[in-house]
Every structure is written in C-alpha cells, then in structure tokens.
Amino acid sequence: MDARVEKRNKPAILGAGKHRYRVVENWAKLPEGWEFKDVAAVAVDSKDRVYCFNRGEHPMIVFDREGNFIRSWGEGTFPRAHGLHIDANDILYCTDDGGHVVRKCTTEGKVLLELGVPGQATPYMSGKPFHRCTHTALSPRGDIYVSDGYGNARVHKFSPNGKLLKSWGEPGTDAGQFNVVHNVVTDAEGWVYVADRENHRVQVFDGNGRYETQWANLHRPCALYCCRGRRPQFAIGELGPSMPVNRQHPNIGPRISFVDAKGKLIARLGGEDGPGLEPGKFIAPHGLAIDSRGDIYVGEVSYTEFPRLFPEQKTAWRMRSLQKLEKLS
C-alpha cells in the first residue's frame with residue numbers, strides 16, 4: 001500500500017500515558033441535509049447521551065454514545081448558542097449570548113426557568129446581567145453562576161429559583177478583573193473556576209467571588225470542563241493565536257490541556273504545529289464534555305474561525321464542527 005494512503009487510513013492518536021486518545025472520524029450521524037454550523041458547547045447526560053448546542057437550524061441535537069441521532073429541539077428559540085451545562089439530574093442550562101439569556105431546560109427542551117430578558121442586552125460594560133452571557137455552572141447547593149461575557153466583565157450568582165444574589169468582576173488585567181470572561185465551572189467543594197480568555201488565564205474564586213489564585217500557563221482558554229472526583233482534574237480547550245503574524249506559531253494551540261486543581265499541567269492534546277482540519281488537529285475547541293468511559297467530545301466553532309485563520313483558502317470545506325476522542329487504556 002502507498003505510504004500516503006496508509007497514513008490517511010491510520011486513526012490519529014493524541015496524547016500519551018493515561019491521556020491517550022483515538023480520534024473517531026465522522027462520529028455524529030446527522031439526518032440527511034442537516035449540518036451543525038458551529039458546535040459551541042457539548043454536554044453528556046447520565047445515560048451517555050450527547051447534547052450538541054450549535055448554531056445551525058437545529059440548535060440542540062442529541063445523539064447516543066455511538067453517534068446515532070435521537071432528537072433535536074430549540075428551533076427558532078436560540079439566536080446564538082454559546083454555553084451548555086448539565087446537572088446531576090440531567091437538567092440542561094443553555095446559555096445564549098446572542099439572545100442574552102440562560103434557559104434551564106429538560107432533556108426534551110421544556111423550559112423550566114429563564115434568566116435575563118430574551119433579546120434585550122443590558123448596557124455595554126454596565127455590570128448588569130446580561131450583555132452576551134457565555135456559560136453557566138452550579139454550586140453544590142444549586143446556586144447558578146453565569147459568566148457574562150463579551151459585553152460585560154462579570155460573574156453573576158443567582159439562587160436556584162433565579163434571584164440575583166451578587167456579581168463580581170470588572171474590565172482589566174488585575175486579580176478579579178476580566179478580559180472576555182468566557183466560561184465558568186465549579187468543583188464539588190464549591191470553588192469557582194473562570195476562563196478569563198483574553199487574559200490567557202483561569203482565575204479561581206470561592207463561592208462568593210473572593211479571589212484565590214490563577215492558572216497562567218494557558219493560551220486563550222475557551223472551553224472548561226471539571227472532571228469531578230476526590231482529586232478533580234480540568235480539561236481546557238485553548239484557542240490558537242488570533243493574529244495573522246503568529247497563526248502558525250508552534251506550541252500555543254489550538255489544543256486541549258489537562259491540569260490538576262492547582263493548575264499544574266498534566267497533559268496536552270494537539271497544538272504542536274498550529275490549527276488544521278486533519279484528524280487530530282483543532283481549529284477552535286469551544287466546548288468540551290467527557291462521558292462515563294472517559295471519551296471526550298469536542299465542539300468547535302470552525303465555520304467562524306476557519307475563514308479567519310485561512311483566508312487564502314477558497315475551497316468550500318465541509319467544516320468539522322464536532323470531534324470524538326476515544327480514551328485508550
């Protein structure tokens with residue numbers, strides 16, 4: 001067999017040791033004529049069903065773990081999908097930055113709670129919720145944290161029934177300040193981890209917004225996922241360079257990194273030689289989820305990012321918006 005053909009047919013493998021993964025190509029089986037556009041966020045429920053919150057015609061598309069289509073919902077409801085969180089009871093929190101709203105939904109799409117006024121942004125950098133909110137997380141007691149986002153530099157804390165309890169953050173680069181607060185997660189002890197994307201760091205706070213520390217060995221942290229347990233680890237989707245002058249710069253992404261609860265680097269997947277659509281490379285890992293077997297689902301905003309990263313390529317690519325990385329023993 002021709003060596004080039006053999007290389008194309010050989011599955012791409014990422015990582016090493018306990019963080020070694022096989023890229024599963026064409027995993028999601030979409031109905032004929034459907035497309036994701038950008039998959040902004042991904043979540044996995046207790047039965048390993050995968051929820052893809054995307055910017056296509058069908059905002060929420062649900063698959064089983066083998067990639068078989070189950071259902072879709074949210075048509076005409078979400079102007080611009082951005083963040084997705086699922087709780088222990090399989091309740092989804094859908095963050096829509098285009099609609100300036102967070103919706104708490106069942107797995108079939110029934111709306112249980114709505115935060116924000118759909119379609120109405122608060123004044124730019126006013127600190128009031130919301131102006132292009134980005135993601136949602138829950139405290140151990142069910143309080144709701146919302147990162148906000150593109151038109152604010154705040155994290156808001158709500159009670160489980162939607163009452164605003166407090167907000168923190170302002171524009172800037174000092175501790176407790178943000179430059180595109182892009183994602184938020186919590187751990188079992190109630191610590192709050194915030195992806196401060198354009199400050200190239202994750203900041204850590206207590207449950208009331210008191211600054212604790214920061215992780216700074218990152219490049220534009222975008223996706224953020226907490227692998228819960230006695231010793232939690234975090235998976236972080238990092239965007240690549242944003243300027244033409246360094247878009248092919250090695251070792252700064254796009255990639256996925258694993259760190260421990262102190263921010264110490266454990267492993268990295270990809271990013272050694274810049275972005276790409278080949279299996280094992282990333283364009284813009286914007287959303288992450290991990291199932292019960294340790295497989296990773298990576299949502300990418302390739303429709304948005306590919307033309308910016310590769311303006312000279314006029315080929316009509318069928319964009320890769322979702323990757324599955326199967327954990328190898």
Where in the range 27-103 are the strands (runs of 3 or more DSSP E), entirely inside, with at least 3 residues that are surrounded by fewer than 24 Cβ atoms within 10 Å (Cβ to Cβ), modelled with pLDDT under 95 and at negative phi?
-> none
Matching residues in the range 117-157 - criterion: being more than 22 Å from the chain's Cα centre (by Cα) and of a type in the set (S, T, Y) | T122, Y124, S126
For the subset of the range 158-189 comprising residues that are of a type outside the set (V, I, T) and under 20 Å from the mean Cα position of the chain (by Cα), which member is nearest to L224 (Cα to Cα)?
-> N183
Can I283 be described as modelled with pLDDT of 90 or more and in contact with a Gly (Cβ under 9 Å, 6 or more places away or on another chain)?
-> yes
Where residues in the range 300-329 are under 17 Å from R247 (Cα atoms) and over 21 Å from the mean Cα position of the chain (by Cα), which of them is modelled with the lowest pLDDT?
-> Q313
Evaluate the following for I256: is it in contact (Cβ under 8 Å) with a residue 12 or more places away in the chain, among the β-branched types (V, I, T) and touching a His at 6+ places or on another chain (Cβ under 8 Å)?
-> no
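The values are calculated or read from the model by the stated rules, or taken from the named source; none is laboratory data. Here the structure is a predicted model, which means the values were calculated and not measured. FYI the Cβ positions are ideal-geometry reconstructions off the backbone, even for glycines, and counts take in every protein chain you see.
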